[in-house]
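Q: Right, I'll just put the structure down here and ask away after.
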Amino acid sequence: MSFTKTYFLCPTSDFIHPPPVGPLSLGSILRSTSTPQYPLNRAKPIAVAEAFPPVVETDWKRTISTEKGFGCGVYAQFLQLATGGLPLGPEVDIENAKKTATVFAFDTVTTISFEPTQEYIEEAIKAPAVQTWLREPKQKFAPVVSLFLVTGIKLVRGARIKYSTSQSTTVRGNIGFDVTALGTSMGPKGHWVSTNDDETELSRESEFVFAFRVKRLRFGRRLKVEEYNKGAFLAVGGEQEDDESILVEEVNGSDIGTAQTVFDVTENGNVFCVPA
């Protein structure tokens, strides 16, 4: 049974300290899931009053591996003119393979999460940095812009992480002349193999933020709150397979300071629009 991947990996090149010391916490608002260490509302996040009980897992391990390969043959048909029309076999065959693997192992994984209410979201997007970002020209004139609200965090302790890559290249040469009249073929053959392996291991005993989960805030004709998992790397057991995003609730735009009322033909009435 396959599960939807919902948690995004934090950068492991620069570990993010756990809240409240680190920049990332429940309720953080991000411009992108690729930069969780730079939330817009770090200076004044809205406290989460009703978080779910923490879930603690021990002796946690996950391996992620990918393997790619390709091969091609280079033919020397143009040399037939120099050999009096004798057919030639493949001149060079090239095979390339690359495999990467990452192993994550932790003594403990603690998951903290919450389900934001409509009131919480309305209050969170009033943060000065969020409002400043929405007023920037790039966002102001876009029909739809998105921000991401952090609703789940995985904190890990006793980490052991191993990265490994293996790349190999094989070249086979065969410049052969097929002499049908003599029932034989002639020409040099040979092969060359190159391999390159690299492995890096690191460990960290202190706690840090390993992964996070978000809801997408879509600012457009209406502010919509959606589940979001595009680019996520970690699934949570028990979750059903789903599309990239679904509408879960709509926020009342009348409570947003920058919202303006405009007439919408499809709605046959006024709707709230949040300019940037």
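The values are calculated or read from the model by the stated rules, or taken from the named source; none is laboratory data. Because the structure is predicted, anything quoted here is derived from the model rather than measured. Every residue, glycine as well, gets a Cβ built from its backbone with ideal geometry; the counts of neighbours run over all protein chains shown. Only protein heavy atoms, including side chains, enter the accessible area calculation; ligands, DNA and RNA are left aside. Shrake-Rupley method; radii C 1.70, N 1.55, O 1.52, S 1.80 Å.
Q: Before we move on, is residue 234 within 30 Å of residue 13 (Cβ to Cβ), at pLDDT 90 or above and open to solvent by less than 80 Å² (accessible area, probe 1.4 Å)?
A: no
Q: Of the residues 108, 83, only one is polar (S, T, N, Q), over 20 Å from residue 222 (Cα atoms) and at pLDDT 90 or above; which? It would help to see each step written out before you state the result.
A: Numbers: 83 fails: at pLDDT 90 or above.
From the options 108, 83, the qualifying one is 108.
Q: Let me ask something else about it. Against the conditions (1) modelled with pLDDT under 95; (2) touching a Pro at 6+ places or on another chain (Cβ under 6 Å); (3) within 30 Å of residue 122 (Cα to Cα), where does residue 178 fall short? Just the number, please.
A: Single failed check for residue 178: (3).
Q: Give the residues of segment 113-161 that are closer than 29 Å to residue 206 by Cβ, of a type in the set (A, V, I, L, M) and surrounded by fewer than 19 Cβ atoms within 10 Å (Cβ to Cβ), sorted by residue number.
A: Scanning segment 113-161 gives 129, 161.
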